[in-house]
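**Student:** Starting off with a structure, shown below.
The values are calculated or read from the model by the stated rules, or taken from the named source; none is laboratory data. Not measured: the values here are computed from a predicted model. Cβ atoms come from the backbone with ideal geometry, glycine included; neighbour counts cover every protein chain shown. With ligands, DNA and RNA removed, areas are computed over all heavy atoms of the protein, side chains included. Shrake-Rupley method; radii C 1.70, N 1.55, O 1.52, S 1.80 Å.
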Amino acid sequence: MRIDIISVLPELMESPFKASILKRAMQKELVEVYFHHLRDWGFGKHRQIDDEPYGGGAGMVMMVEPIDHCIATLKAEREYDEVIYLTPDGQTLNQKIANGLSLRNNLIFLCGHYKGIDQRVRDLHITKEISIGDYVLTGGELAACVLADAVIRLIPGVLNDEQSALTDSFQDDLLSPPIYTRPEEYKGLTVPQVLLSGNAQVIEDWRYNEALKITQEKRPDLLSK
Ligand code: ADE
């Protein structure tokens, strides 16, 4: 997979890709991530990329030309499966969306700033708009990192034990059951006996029932789907 991220603040996104699983995914060449500084396509001495909104109002609007030129340059080099705009008015990210995107080859993520982007960028290029929740961030960069993380970890070979992605919370619309590791007893709290039984079927049944119970308690909306 290849992800091209377009932003006015690419430096904000460096560290998530330099550690742990995302770093390893890149080292294993399972994913390539490229950052594109929108100012490289900006106008004039100041590399201008935003301007005042037509019709007035507060805030600046990201201009169509720099973004169009940047995306067109990328599209001239390869075909993209999706051009995704990170925006609070997009579709709320969930596991199903992440699963679908993990099967794609080439993705562009566009990070918004200020009041947002000129509508014509959406009309020309954007195939998907994704929000990471009903709150407003200062820009799309952190949302792009969240989306990249959720997608990259699902690419086969990225996680050592592929089972561990399949048994994630949300993968089957259930939250995960409780998990334990050593010691068997801590401050009077003990590991459920069933997990020490060695009986794989009994353990699986227990985990499923616990997952159901926890989902019912914390997220009954998932069960009513
Ligand atoms: N940009 C600003 N807020 C955002 C959000 N909640 N999700 C995605 N992109 C954003």
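**Student:** Cα-based Rg (one decimal) and Dmax (whole number) for the stretch 82-152, in Å?
**Tutor:** Looking at the stretch 82-152, its Cα Rg and Dmax stand at 11.4, 32 Å.
**Student:** Related question: Where the centroid of each part is defined by its Cα atoms, how far is the stretch 37-108 from the stretch 178-225 in Å?
**Tutor:** 43 Å
**Student:** To the nearest 20 debye, what is the magnitude of the charge dipole of the chain about its Cα centre, counting +1 on the Cβ of each Lys and Arg and -1 on the Cβ of each Asp and Glu? Write out the running numbers ahead of the final one.
**Tutor:** Working: 24 positive and 34 negative charges, 63 e Å.
Dipole of the chain, to the nearest 20 debye: 300 debye.
**Student:** When the accessible area of the stretch 2-152 is computed with all protein chains present and a 1.4 Å probe, what percentage of it is carbon and sulfur?
**Tutor:** So the carbon and sulfur contribution to the accessible surface is 50 percent.
**Student:** Another question, then. Charges on Cβ only, +1 for Lys and Arg, -1 for Asp and Glu, centred on the Cα centroid of the stretch 167-223; of Asn199, Tyr186, Thr215, which one is farthest towards the dipole's positive end?
**Tutor:** Projecting each Cα onto the dipole axis, the largest value belongs to Tyr186.
**Student:** Accessible area per residue of the chain at 1.4 Å probe, in Å²? Walk me through the numbers on the way to the answer.
**Tutor:** Details: 13340 Å² over 225 residues.
I get 59 Å² per residue for the chain.
**Student:** Quote the relative contact order of the chain in percent (integer), defining contacts as alpha-carbon pairs under 8 Å separated by 6+ residues.
**Tutor:** Working: 319 pairs, mean separation 45.3, N = 225.
Normalised by residue count, the contact order of the chain is 20 percent.
**Student:** How far apart, in nm, are two points set 7 Å out from the Cα along the Cα-to-Cβ line at Asp221 and at Phe43?
**Tutor:** 4.2 nm
**Student:** Whose amide H sits under 5 Å from the amide H of Ser176, counting only residues 5 or more places off or on another chain, with H placed in the peptide plane?
**Tutor:** So Ser176 has HN proximity to Ser169, Phe170.
**Student:** Here is a follow-up. Just the number, please: carbon plus sulfur as a percent of the accessible area of the stretch 167-223, 1.4 Å probe, no ligands or DNA/RNA counted.
**Tutor:** Details: 2290 of 4340 Å².
Summing carbon and sulfur atoms, their accessible area is 53 percent of the total for the stretch 167-223.
**Student:** Please build a GNM for the chain, connecting alpha carbons under 10 Å apart, and tell me which residue among Tyr34, Tyr54, Tyr85 fluctuates the most.
**Tutor:** Looking only at Tyr34, Tyr54, Tyr85, the largest GNM fluctuation is found for Tyr54.
**Student:** Moving on to the next point. Set the Förster radius R0 to 41 Å, insert the Cβ-Cβ distance between Ile203 and Met26 as r into 1/(1 + (r/R0)^6), and round the FRET efficiency to 0.05. All intermediate terms of the calculation are to be shown ahead of the outcome.
**Tutor:** Values: r = 35 Å, r/R0 = 0.86.
Efficiency, rounded to the nearest 0.05: 0.70.
**Student:** Right, here's the next one. Compute a Gaussian network model of the chain, connecting alpha carbons closer than 10 Å, and tell me which residue from Ser131, Ser20, Ser176 fluctuates the most.
**Tutor:** Result: Ser20 has the largest fluctuation of those listed.
**Student:** Same structure again: Compute the projected area of the convex hull of the Cα atoms of the stretch 144-199, averaged over all viewing directions, and report it in nm² to one decimal place. Intermediate values should be presented prior to the final figure.
**Tutor:** Working: hull surface 24.0 nm².
Projected area, direction-averaged: 6.0 nm².
**Student:** For Leu142, what charge total do you get from the other residues with a beta carbon under 13 Å from its beta carbon, if Lys and Arg give +1 and Asp and Glu give -1? Mind showing how you got there, number by number?
**Tutor:** Details: positive: none; negative: Glu11, Glu14, Glu141, Asp149.
Net local charge, Leu142 excluded: -4.
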